[in-house]
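See structure below.
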Amino acid sequence: MSQPLPQRYGAIAQAGHWLTLLLVIGAFALGWIMSDMKMSPTRLKLFSYHKWIGVTIFGIAVLRLLWRQWAKAPPLPPAMPAWERIGAHLSHWGLYALLLAIPLSGWLMSSAKGFQTVYLGHFPIPDLIGRDRELGKLLEDVHELLTTILLFVVGLHAAAALKHHFFNRDDVLTRMLPRWRKTGDAS
């Protein structure tokens with residue numbers, strides 16, 4: 001007998017979602033700041049932090065995909081039109097694809113530019129490809145393009161959640177938020 005689908009995301013899915021968002025914001029902020037800096041020890045340190053965050057995002061995305069196979073997502077509201085259901089599924093899978101592709105493009109770019117990633121300053125991650133300056137520049141452009149697409153899709157994702165909360169008045173947003181107990185709530 002199959003288990004009924006949950007009505008809310010569980011604590012692990014919620015933690016993965018919000019942690020990923022914080023890490024993406026951090027990676028983007030570091031990328032933005034360091035892109036305009038002159039080469040210096042500070043810039044190199046920021047690059048390391050940016051790469052560490054990217055590796056972490058990649059790892060969390062893999063874990064979230066594995067978790068999603070075990071802990072199914074709650075169903076979408078029954079009144080949601082088919083086009084919105086399709087859009088929701090496409091945007092979710094697009095977000096996962098980007099959360100994997102952006103760190104991978106950064107890893108490839110670092111490899112091509114001859115800068116090995118040493119996770120947290122202690123764990124060397126092998127280069128995926130040999131040094132190639134032209135390929136490194138192309139991969140930098142790909143990395144930036146994918147990041148721009150991610151920002152657009154995240155904005156669309158957030159706007160859709162807010163639309164559901166304020167206009168549709170359904171639980172699409174609140175099922176990804178922690179359940180806060182009210183004073184005197186025994187449940």
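Overview of values
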| read-out | value |
| --- | --- |
| Selected residue (criterion: least open to solvent (accessible area, probe 1.4 Å)) from residues of the stretch 144-171 that are among the hydrophobic types (A, V, I, L, M, F, W, C) and over 19 Å from the mean Cα position of the chain (by Cα) | Phe166 |
| In the stretch 129-143, residue nearest to Gly16 (Cα to Cα) [restricted to those that are of a type outside the set (D, E, K, R) and open to solvent by less than 80 Å² (accessible area, probe 1.4 Å)] | His143 |
| Filter result (surrounded by 15 or more Cβ atoms within 10 Å (Cβ to Cβ) and of a type in the set (A, V, I, L, M)) within the stretch 3-40 | Ala13, Leu23, Val24, Ala27, Leu30, Met34 |
| Close pairs (9 angstrom Cβ cut-off, 6 or more residues apart or separate chains): closer than 10 Å to Trp107 by Cα in the stretch 118-140, polar (S, T, N, Q) and assigned to a loop (DSSP other than H, G, I, E, B) anywhere | Ile125/Gln116; Pro126/Gln116; Asp127/Gln116 |
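The values are calculated or read from the model by the stated rules, or taken from the named source; none is laboratory data. Small disclaimer: the values here were computed from a predicted structure and weren't measured. Please note: Cβ atoms are built from the backbone with ideal geometry, for glycine as well, and neighbour counts cover all protein chains shown. Just so you know, the surface numbers come from the protein's heavy atoms only, side chains and all, with ligands and any DNA or RNA stripped out. Shrake-Rupley method; radii C 1.70, N 1.55, O 1.52, S 1.80 Å.
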